[in-house]
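Here's the structure, in structure tokens; my notes come after.
The values are calculated or read from the model by the stated rules, or taken from the named source; none is laboratory data. Remember, predicted model here, so these are calculated numbers, not experimental data. As a convention, Cβ positions derive from the backbone with ideal geometry for all residues, glycine included, and neighbour counts pool all protein chains shown.
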Amino acid sequence: MFGWVVMCACAYHQGHNDFPDADKMLDLKQWGTLATIADGLEKGKDTISNERAIILIANVHAFFVGIAATIAPLPFSDTLLLDVNHP
């Protein structure tokens, strides 16, 4: 369900030109291997666009929020994965 929200939000922001310099490619010297994309011909010489980098970091952020919610749940959260004595 969260994936649909992210896709709709990305489509909305892309349609309203909210991503700064969306078509600009990232500088390999500044970003390093995080910005490379495997193209098969030049062995990683191409870089991703600024728009893809923004979406990538947003997804990584959501992933780590989910990990944190699993490791340190609130008292009213489900304890199925953490409580050994759970039926």
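Residue-wise test of (1) outside any loop (DSSP other than H, G, I, E, B); (2) surrounded by 11 or more Cβ atoms within 10 Å (Cβ to Cβ); (3) modelled with pLDDT under 85.
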{"position": "Gln30", "(1), (2), (3)": "yes, no, no"}
{"position": "Leu34", "(1), (2), (3)": "yes, yes, yes"}
{"position": "Gly40", "(1), (2), (3)": "no, no, yes"}
{"position": "Lys43", "(1), (2), (3)": "no, no, yes"}
{"position": "Leu56", "(1), (2), (3)": "yes, yes, no"}
{"position": "Phe63", "(1), (2), (3)": "yes, no, no"}
{"position": "Leu74", "(1), (2), (3)": "no, no, yes"}
{"position": "Asp78", "(1), (2), (3)": "no, no, yes"}
{"position": "Leu81", "(1), (2), (3)": "no, no, yes"}
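Quick one: count up the residues across region 1-28 that are part of a loop (DSSP other than H, G, I, E, B) and either aliphatic (A, V, I, L, M) or without any contact (Cβ under 8 Å) to a residue 24 or more places away in the chain (or both).
Let us first name the residues in region 1-28 that are part of a loop (DSSP other than H, G, I, E, B), namely 1, 16-24, 26-27.
Those still in the list that are either aliphatic (A, V, I, L, M) or without any contact (Cβ under 8 Å) to a residue 24 or more places away in the chain (or both) too: 1, 16-18, 22, 26-27.
The qualifying residues number 7.
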